[in-house]
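Before any comments, here is the structure.
Rule-based calculations on the coordinates, nothing more; no lab input. These numbers come from a predicted model, not from an experiment. Cβ placement follows ideal geometry from the backbone for every residue including glycine, while neighbour counts extend to all protein chains displayed.
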Amino acid sequence: MQVALRTVELRRARLPLAQPFRSAHATRTERDVVVVRVEAEDGPDGWGECVAEPEPTYWPEYTATCWDVLVRHLVPRLLDGRPLSEVKGHAMSKAALEVAVIDAGLRASATSLGAFLGATRAQVPTGIALGIADSPDQLVEQAERWYDDGHRAFKLKVAPGWDVEPARAVRKALGDDVALVADANGSYRSDDADDDARLRLLAHAELGLAAIEQPYASDDLVGHARLARMVETPVCLDESIGSLGDLDAALALGAIDALCLKVGRVGGLVEAVRLHRRCREAGIAVRAGGMLETGLGRAVNLAVAALPGCTLPPDMGPSSRYFAEDLTPPFEAVRGTMAVPDAPGLGTAPRPDVLERATVDRLVLRAPSP
C-alpha cells in the first residue's frame with residue numbers, strides 16, 4: 001500500500017499494567033511501548049505500535065533497540081522511499097511502521113483492517129492470559145473471576161515446576177466447558193528427561209489442553225518434532241516462527257500442529273497474511289497471539305483473530321485485563337466475546353490526553369524536501 005508521507009512521529013510511552021504479569025522469563029508491571037504516527041501528504045494519519053518488550057527475554061528485539069533502529073535506519077528509509085528490507089531483522093520495528101502506513105491508507109479509503117485482511121467474523125471469542133501465580137489456589141481465584149465475567153478460554157503460563165498442578169487445579173475448578181492453552185515460552189529443554197516427563201503429563205487427556213505452546217527453545221525444531229510425535233495434544237509454535245521460511249521448516253520436520261500468529265513477531269501484516277495462508281493450505285490451526293498490547297495492537301489482533309482458520313483460543317482480553325487506562329478508548333468484552341473494529345483502518349486511535357501523559361520521549365522525523 002503506497003502512502004506519501006510528510007512526517008513520522010515516534011513516542012515512547014509507559015503505562016502501568018492493571019496487575020503484574022509473570023511469565024517464565026520476567027514479571028512486567030508496566031508497558032514500555034513505542035507508538036508510531038505517520039502523517040500522510042494528503043489524507044488521515046495512521047497509527048502503529050511496536051510490541052517489543054523492555055528486555056530481550058522473549059525476542060532479540062527490545063524497546064530501546066527498536067527506538068534506535070527506527071530513528072537511525074527504518075524511518076529515514078521509509079521517508080526517503082527506500083525499502084525497509086535493506087535493514088536485516090528488526091521485525092517488530094518494521095511491523096510498527098507497516099501497520100501505521102496501512103492504517104493511514106485504509107482510513108483514506110474508508111476500509112476497515114478486518115475487511116482488508118479478509119476477516120469473516122464480526123465477533124471473536126476472548127482468551128484470557130493468566131501469568132504464573134504464587135499458588136494454584138491464587139491462579140484458580142484469578143481464573144474464576146474472569147470465568148464469572150463470561151470468559152471461556154484461558155492461556156496459562158507454565159514453566160518447569162509450575163505446570164501440571166496449576167493446570168489441573170484450573171481444569172478441576174472450571175470444568176470441561178473452558179478451553180485451556182499452556183504457554184511455556186521455551187522454558188523446557190528437550191534433552192532433559194524430567195522436562196520431557198512433565199510435558200507428557202501436561203499433555204495427558206485429563207487436562208484436556210487445546211495446545212501446548214512453545215515448550216522448547218525457539219531454535220529447537222527437532223525437539224518439538226519429537227514431542228509432537230509423542231503426545232496427542234497439539235504442539236503450538238510461537239517464538240520458533242518469525243517468517244514463512246521458519247514455518248516451512250517446521251512443517252517439513254513435523255514440528256508444528258498449530259501456530260501462534262503475532263503480527264509484530266513476523267514483521268507485519270503482509271508476512272502475517274502469508275503465514276496464515278500457508279497454515280490454511282497445510283491444515284494447521286492458528287491462534288492470534290498477543291504481547292500485552294495497548295488498544296492499537298489489540299485492534300490488529302482482533303482483525304487477525306477474525307480470519308478463517310483461527311480456531312484456537314486467541315490472546316484476547318478486554319483493556320481492563322491489562323491497563324487501568326488504555327491508550328485508546330477501552331476495548332470491552334460481552335459474554336466472552338469481543339467485537340472486531342469495523343471503522344476505517346484500525347478503527348481506533350490514541351486518546352490525546354492519555355498519550356500525552358504516558359509519553360516519556362518524542363521525536364518527529366520529516367520527509368526530505370523535494
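The table below gives the values:
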item: Per-pair calculated FRET efficiency, R0 = 35 Å: residue 320 and residue 248 via Cβ, rounded to 0.05; result: 0.35
item: Cut-off under 5 Å, modelled amide H: who pairs with residue 5 long-range; result: 41
item: Spread of Cα-to-Cα distances over 20 Å intervals beginning at zero, given as percent, for the chain; result: 31, 59, 10, 0
item: Stretch gain in nm, segment residue 26-residue 197, where the contour uses 0.36 nm per residue and the Cα spacing is subtracted; result: 59.1 nm
item: Rel. contact order, % - alpha carbon contacts under 8 angstrom, at least six apart, segment 115-339; result: 22 percent
item: Extension gain (nm, one decimal) between residue 41 and residue 111, 0.36 nm per residue minus Cα-Cα; result: 23.3 nm
item: Within the chain, helix-based [θ] at 222 nm, where runs of 4 or more DSSP H residues each add -39,500 (n - 2.57), nearest 500; result: -10000 deg cm²/dmol
item: Under 22 Å from residue 94, Cα to Cα: lysines that are on another chain or at least 8 residues apart; result: 262
item: Distance in nm between pseudo-label sites at residue 77 and residue 334 (7 Å out along the Cβ direction from Cα); result: 4.4 nm
item: Most fluctuating residue given options 35, 340, 360, as computed from a GNM of the chain linking Cα atoms under 10 Å; result: 360
item: Förster radius 22 Å - calculated FRET efficiency between residue 230 and residue 274 (Cβ-Cβ, nearest 0.05); result: 0.15
item: Estimated inter-spin distance, residue 19 and residue 7, nm [label 7 Å along Cα→Cβ]; result: 4.1 nm
item: Potential extension, residue 138-residue 360 segment - 0.36 nm per residue separation minus Cα distance; result: 76.5 nm
item: Residues with amide H under 5 Å from that of residue 307, placed H, sequence gap 5 or more; result: 120
item: Highest-MSF residue in the chain out of 77, 351, 14 [GNM, Cα springs under 10 Å]; result: 351
item: Modelled FRET efficiency - R0 35 Å, residue 64 with residue 173, Cβ distances, 0.05 increments; result: 0.30
item: Distance (nanometres) between label positions extended 7 Å along Cα→Cβ at residue 281 and residue 206; result: 4.3 nm
item: 12 Å beta-carbon shell around residue 351, net charge (K/R +1, D/E -1); result: -3
